[in-house]
Amino acid sequence: MFHLSDDDPLPDMEEHAMEHHEPFAALIGLDWSDQKHNLCLVDTATGNRELSVVSHTPEALNDWARHLRTRFRGEPVAVCLEQSRGSLIYALMKYDFLTLYPVNPQTLAKFREAFTSSRAKSDPSDAKFLVELLIHHRERLKAWTPDDQQTRTLQLLVEHRRRLVGDQTRISNRLTALADAVTSLKY
């Protein structure tokens, strides 16, 4: 499940939300891991920041997404996360109200390094840094758009062919090694 805790508003988020008409009801930094996902949510109407944790299970992610949809009345929500492919992206892309902004892990590492003296990685802090990227640099980030059906099908076929070629090479190498071993026994 997930847990929300209220923090102080981000210092300039309230002004930022008032200055610009935000197309998103909320901005979320999501730092994923194998066991849990740390989140930092900023409500663009109030500027309030909330920290939460969601378990890494399909049920917990679905509960969290349904809660977001209800809370923000289906309005668009931006999610910044540290990956460009993977199960989390595919799990979240089914929600039409979420706009995903995947960032390269190096981008987050350099951003973290610019603002902390320690090089220590912290999942809650990374979630905060990811939401800060959305707040201050969203115009430089590229929203993820899924490939069309034909492209996804082609990618699957190419990956399957690559596996088959690898299998063929492995089998050929094994047969060659076996033939060499049998040949060396005869002489």
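The set of residues in region 23-38 being of a type in the set (Asp, Glu) and touching a helix residue (DSSP H, G or I) at 6+ places or on another chain (Cβ under 8 Å) consists of Asp31 alone.
Considering only residues that are among the hydroxyl-bearing types (Ser, Thr, Tyr) and either out of contact with any strand residue (DSSP E or B) (no Cβ under 8 Å at 6 or more places or on another chain) or not assigned by TED's automatic domain parsing to the domain that holds Thr107 (or both), which ones fall in region 22-70?
Keep residues of region 22-70 that are among the hydroxyl-bearing types (Ser, Thr, Tyr), which gives 33, 44, 46, 52, 55, 57, 70.
Hits for region 22-70 are Ser33, Thr46, Thr57, Thr70.
Are any residues in region 132-161 farther than 30 Å from Phe24 by Cβ and modelled with pLDDT of 90 or more, and if so, which ones? Answer for region 132-161, where residues must be farther than 30 Å from Phe24 by Cβ and modelled with pLDDT of 90 or more: just Arg161.
Only one of the numbered conditions (1) within 17 Å of Asp126 (Cα to Cα); (2) in contact with a Leu (Cβ under 7 Å, 6 or more places away or on another chain); (3) at pLDDT 90 or above is violated by Val77, and that is (1). Ala65 falls short on exactly one of the conditions (1) buried (at least 17 other Cβ atoms within 10 Å of the Cβ); (2) under 15 Å from Ala127 (Cβ atoms), and that condition is (2). Considering only residues in region 46-91 that are among the acidic types (Asp, Glu) and part of a loop (DSSP other than H, G, I, E, B), the one that is farthest from the chain's Cα centre (by Cα) turns out to be Glu75. For region 5-17, the criterion of a residue being surrounded by 15 or more Cβ atoms within 10 Å (Cβ to Cβ), modelled with pLDDT of 90 or more and small (Gly, Ala, Ser) is satisfied by no position.
The values are calculated or read from the model by the stated rules, or taken from the named source; none is laboratory data. This one's a predicted model, so the numbers in the text were calculated from it and none came from an experiment. Don't worry about glycine lacking a Cβ; one is built from the backbone with ideal geometry, like all the others, and counts go over all protein chains shown.
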